[in-house]
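What follows is a set of notes on a single structure, which appears directly below.
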Amino acid sequence: MKIKFFLSIIIILFTPIFCLSDTLYLKDGRTIQAETVWEEEGYYMYTAYGATVGISKEKVKSIKYSKETRDSFQFDKWPFGITVNQAIDIAQNNDVPLHRSGIISMNKHFHPMVRKQANTTHFYYNTNLLGHFSKVELFFTPISKKLHSVFVQWSNQQTKDPKLTNEIISLISEKYGRPPGKHKKLFNSSLDWIAENKNQIEMQIMSTSIILKYLHTDFRQIDYEETESLKIQKIKAGAKKDKDKF
């Protein structure tokens with residue numbers, strides 16, 4: 001009971017508390033208060049009171065973002081800080097074939113069975129980006145289940161031919177500025193971009209693959225803290241069980 005109570009406290013402490021702080025102003029004069037708002041094709045998606053809702057962009061006059069949610073740092077349709085369930089909703093709305101990591105599937109469409117895996121912290125889907133097959137991975141914090149990192153990998157690439165590499169660099173630099181320089185290592189090289197709020201994009205270029213990492217500073221810190229808390233709880237639970245052996 002003590003362990004369950006302590007874990008409940010951890011969840012409260014490390015789960016970001018969202019208030020209804022973004023405002024959508026509709027053309028018909030109505031306003032909608034939301035926790036967070038993001039764009040998908042033809043729609044503004046928003047969360048409020050635990051529900052995820054979409055509204056046509058044609059009906060929205062303007063949006064006022066709070067200071068906390070004004071961060072435009074995200075990859076594709078995945079805003080950082082969304083929960084696993086919100087990510088599954090986004091996948092369903094966009095027919096994304098999201099799967100728990102470790103499951104091998106070539107499915108090209110969303111499958112509702114993924115909802116049974118909402119307690120997982122690592123998901124992926126296969127897609128086509130910039131004309132090449134790629135794998136997108138989503139990483140969530142272990143307790144509050146918030147998205148903290150997104151990895152994009154292009155495998156089976158001959159990176160000596162720089163066309164794809166240069167296109168990726170050009171697209172990211174257009175939004176975040178030129179990277180300070182390339183870091184060369186024994187078997188690969190890397191580039192780094194610093195976005196607003198010290199969020200990072202890392203690009204690793206290897207001989208046969210390219211990996212792009214979107215790293216959200218605040219949610220990665222929460223991931224670290226929650227992971228360490230779970231380690232402590234595991235040790236304490238083991239100590240309680242095995243104390244008579246010492």
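Numbers for the structure displayed
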{"item": "Residue-normalised accessible area of the range 124-246, expressed per residue, 1.4 Å probe, Å²", "result": "60"}
{"item": "Residue among Ile169, Ile201, Ile222 with the largest mean-square fluctuation in a Gaussian network model of the chain, springs linking Cα atoms under 10 Å", "result": "Ile169"}
{"item": "Choice from Lys185, Lys59, Lys198 showing the highest fluctuation, given a GNM over the chain with Cα pairs closer than 10 Å", "result": "Lys185"}
{"item": "Net charge, Leu191 excluded, C-beta distance under 10 Å - Lys, Arg +1, Asp, Glu -1", "result": "0"}
{"item": "Directionally averaged shadow of the range 46-168, computed from the convex hull of its alpha-carbon atoms, nm²", "result": "9.8"}
{"item": "Rg over Rh [alpha-carbon atoms, Kirkwood Rh] for the range 107-235", "result": "1.01"}
{"item": "GNM flexibility winner over the chain from Asn156, Asn197, Asn166 (Cα, springs under 10 Å)", "result": "Asn166"}
{"item": "Accessible surface of the chain, 1.4 Å probe, proportion on carbon and sulfur as whole %", "result": "54"}
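The values are calculated or read from the model by the stated rules, or taken from the named source; none is laboratory data. All of these numbers come straight from a predicted model, not from anything done at the bench. Using ideal geometry, Cβ is built from the backbone for each residue, glycine included, and neighbour counts are taken over all protein chains shown. Heavy atoms of the whole protein, side chains included, go into the accessibility calculation; ligands, DNA and RNA do not. Shrake-Rupley method; radii C 1.70, N 1.55, O 1.52, S 1.80 Å.
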